[in-house]
Amino acid sequence: MSAFVRACGLSELEDSTPKRVEIDGTPVSVVRTEGEVFAINDICSHANVSLSEGEVEDCQIECWLHGSAFDLRTGKPSGLPATRPVPVYPVKIDGDDVLVSLSQES
């Protein structure tokens, strides 16, 4: 299992606004929504674009290019054109630090 590393500060996250960070060369979108913090791979599985540029609603992040939405808890797409999930990562909160492990939850 990968170690948890600091991705950003909790105070840096605006509600339902994705924040792109890079962890060991991996682009990750960190999102605070519905009282929780999630970490999901920042690259859409359909079109290789940044998910952090999309909208967050109902615990999903939408790809701005073609409209596929991915569940922040599971990474599974909720509709076409994406058919493959994107990785989600475990998150821990330590004070103001948001810690992410690149070991996949799903």
| message | For the pair T83/H66, report the inter-label distance in nm, with labels modelled 7 Å from Cα in the Cβ direction. | response | 1.0
| remark: Here P(r) for the chain, Cα-Cα distances in 10 Å bins, as whole percents, is 17, 54, 26, 3
| query | Using a 1.4 angstrom probe and counting only protein chains, how large is the accessible area of D24 in Å², to 10? | reply | 140
| task | Could you provide, to the nearest whole Å², the per residue accessible area of the range 1-103 with probe 1.4 Å? | result | 51
| Which whole-number percent is the relative contact order of the chain (Cα, under 8 Å, 6+ apart)? | 28
| query | Expressed as a whole percentage, what fraction of the accessible surface of the chain belongs to carbon and sulfur atoms when a 1.4 Å probe is rolled over the protein heavy atoms? | reply | 43
| message | Restricting to bridges with both residues inside the chain, how much of the DSSP beta-bridge set is antiparallel, in percent to the nearest 5? | response | 95
| How are the C-alpha pair distances of the range 48-91 spread across 10 Å bins, as whole percents from the shortest bin up? | 32, 62, 6
| query | Mind listing the phi-derived Karplus ³J(HN,Hα) values for the range 29-40, rounded to whole Hz, using 6.51, -1.76 and 1.60 with θ = phi - 60°, and x for any glycine or proline? | reply | 9, 9, 9, 9, 7, 6, x, 10, 10, 10, 10, 9
| task | Starting from the amide H of T33, placed 1.01 Å from N in the peptide plane, find each other amide H under 5 Å away whose residue is 5 or more places distant or on another chain. | result | S16, F38
| field | Linear extension gain, E12 paired with A47, 0.36 nm per residue minus alpha-carbon span | value | 9.8 nm
| task | Taking GluC sites (Glu not before Pro) as candidate sites, keep only those in a DSSP loop with at most 16 other Cβ atoms within 10 Å, then name the longest stretch of the chain containing none of them. | result | 56-104
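The values are calculated or read from the model by the stated rules, or taken from the named source; none is laboratory data. Every value quoted in this text rests on a predicted model; they were computed, and no experiment measured them. Backbone-built Cβ (ideal geometry, glycine too); neighbour counts: all protein chains shown. Side chains are part of the model used for accessible areas, which takes the heavy atoms of the whole protein and leaves out ligands, DNA and RNA. Shrake-Rupley method; radii C 1.70, N 1.55, O 1.52, S 1.80 Å.
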